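Enquirer: What follows is a structure written as structure tokens; I'll ask about it next.
Read-outs: derived from the displayed coordinates by stated rules, not from any lab. All of these numbers come straight from a predicted model, not from anything done at the bench. Here the Cβ positions follow ideal geometry from the backbone for every residue, glycine too, while neighbour counts run over all protein chains shown.
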Ligand SMILES: *[C@@H]1O[C@H](CO)[C@@H](O)[C@H](O)[C@H]1NC(C)=O
Ligand SMILES: *[C@@H]1O[C@H](CO)[C@@H](O)[C@H](O)[C@H]1NC(C)=O
């Protein structure tokens, strides 16, 4: 019940802001990746590159060492910086295999997935058999997708994703960004 109510309020915030059209600018400030189980997955690279003032992008590649992987969950939590980073609004766990089979059934997961999918090779259903790549995800693209629906105030944010395979936390990725 509590979960349903809070989901409902998230939707409400979404649509309120969607129709009031808030224009803001997203800018990446850092990217961090950590393997929690080096027998399972290893990051080959994970970085934020500043080409110039207006073009920055994030790239990462993770090598999967125990393929095929048939059971994956992703825990997504959003943090906003105040005194340190504090949980903010979103904190959901997505069954990735179920979601990829029917993306339209989970609107919040779809919202996050849409931000990444054009730059990643996670565009198929489970199992995962190849290394996962996020290639030059730039914040320009994110701006155009997000600015109309971002229900957030200006500030420094961090989105933390835990990659859980077979119910064991295997890796963490953190993207830091600011909204101005
Ligand atoms: C920044 O770099 C991109 C990619 O090389 C280029 O297309 C763009 O014109 C550059 N912008 C500025 C302001 O130099
Ligand atoms: C997310 O929710 C879970 C379950 O309700 C809770 O245990 C966890 O501490 C929360 N994490 C954040 C970052 O809010």
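Enquirer: Relative contact order (percent) for the stretch 24-68, with alpha-carbon contacts under 8 angstrom and 6 or more residues of separation?
Expert: 36
Enquirer: Right, something else. Which value in nm describes the separation of the simple spin-label points at residue 27 and residue 86, placed 7 Å from the Cα toward the beta carbon?
Expert: About 2.5 nm, to one decimal.
Enquirer: Right, here's the next one. Using 1/(1 + (r/R0)^6) with R0 = 22 angstrom and r between the beta carbons of residue 50 and residue 172, what's the FRET efficiency to the nearest 0.05?
Expert: 0.45
Enquirer: Can you give the extra length, in nm with one decimal, that the chain gains between residue 37 and residue 102 once fully stretched, where that is 0.36 nm per residue apart less the Cα-Cα distance?
Expert: 20.5 nm
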